[in-house]
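Step one of this worksheet: look at the structure below.
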Ligand SMILES: C[S@@+](CC[C@H](N)C(=O)[O-])C[C@H]1O[C@@H](n2cnc3c(N)ncnc32)[C@H](O)[C@@H]1O
């Protein structure tokens, strides 16, 4: 990994975001907030659903590299998957594993558990990601869900389900399009 290679890639992607965000990437402010959570909890294995062209993946991968963590990131769209591949390659980060496919179908093919999951894909599928992954989140693990304020109505059922689940304690954070940060607590 060449640390100097990361900033120019992020800068280019942040330019796209500033120019109208055609690939629906998270805002730099959201990235900063997520990185601050990563730095606090230092997860070793992270899963992202919704890579797009790799902006959040590169921000997450860069943070995780500091303590040897890895990111698995899923994208179903052929062209965005390839653009992400190029951006990740240019960043020289070696701790990002890209998976191509439709998350509800391929989650079962990805082994193991996760310390943190970031849901940033099709809103109406978030509940299915939660149901498929909640037992695969390690104790004290975290789920971060994007678009909670921008898509409040579409995600109302998701929010209620997560908030009602006794295994999780959630906090709505007003950054970017709104994040639900759900911490897995010890089973009583
Ligand atoms: C909001 S963008 C992700 C942005 C990215 N996290 C970032 O901030 O750089 C959502 C992406 O999720 C992908 N997506 C949507 N539903 C998906 C699914 N079921 N499985 C895999 N990818 C999916 C879309 O193709 C799109 O590129």
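The values are calculated or read from the model by the stated rules, or taken from the named source; none is laboratory data. All values derive from a computational prediction rather than experimental measurement. Here Cβ is always computed from backbone atoms with ideal geometry, including for glycine, and neighbour counts include all displayed protein chains.
At a glance:
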quantity	calculated
Of residues in region 91-101 being assigned to a loop (DSSP other than H, G, I, E, B) and surrounded by 15 or more Cβ atoms within 10 Å (Cβ to Cβ), the one farthest from the ligand (Cβ to nearest atom)	95
Residue 88 within 14 Å of residue 146 (Cβ to Cβ), part of a helix (DSSP H, G or I) and at pLDDT 95 or above	no
Test: residue 88 is under 14 Å from the mean Cα position of the chain (by Cα) and on the phi < 0 side of the Ramachandran plot	no
Test: residue 74 is in a strand (DSSP E or B) and under 21 Å from residue 179 (Cβ atoms)	yes
Filter result (part of a helix (DSSP H, G or I), more than 12 Å from the chain's Cα centre (by Cα) and either within 9 Å of the ligand (Cβ to nearest atom) or more than 11 Å from residue 63 (Cα to Cα) (or both)) within region 17-32	17, 18, 28, 29
Subset tally (residues that are within 14 Å of the chain's Cα centre (by Cα), free of Cβ contacts under 8 Å to residues at least 60 places away in the same chain and either within 11 Å of residue 95 (Cβ to Cβ) or away from the ligand (no atom under 12 Å from the Cβ) (or both)) for region 33-57	3
Condition check for residue 112: at pLDDT 95 or above and outside any helix (DSSP H, G or I)	yes
Residue check, residue 119 buried (at least 18 other Cβ atoms within 10 Å of the Cβ) and farther than 21 Å from residue 158 by Cβ	no
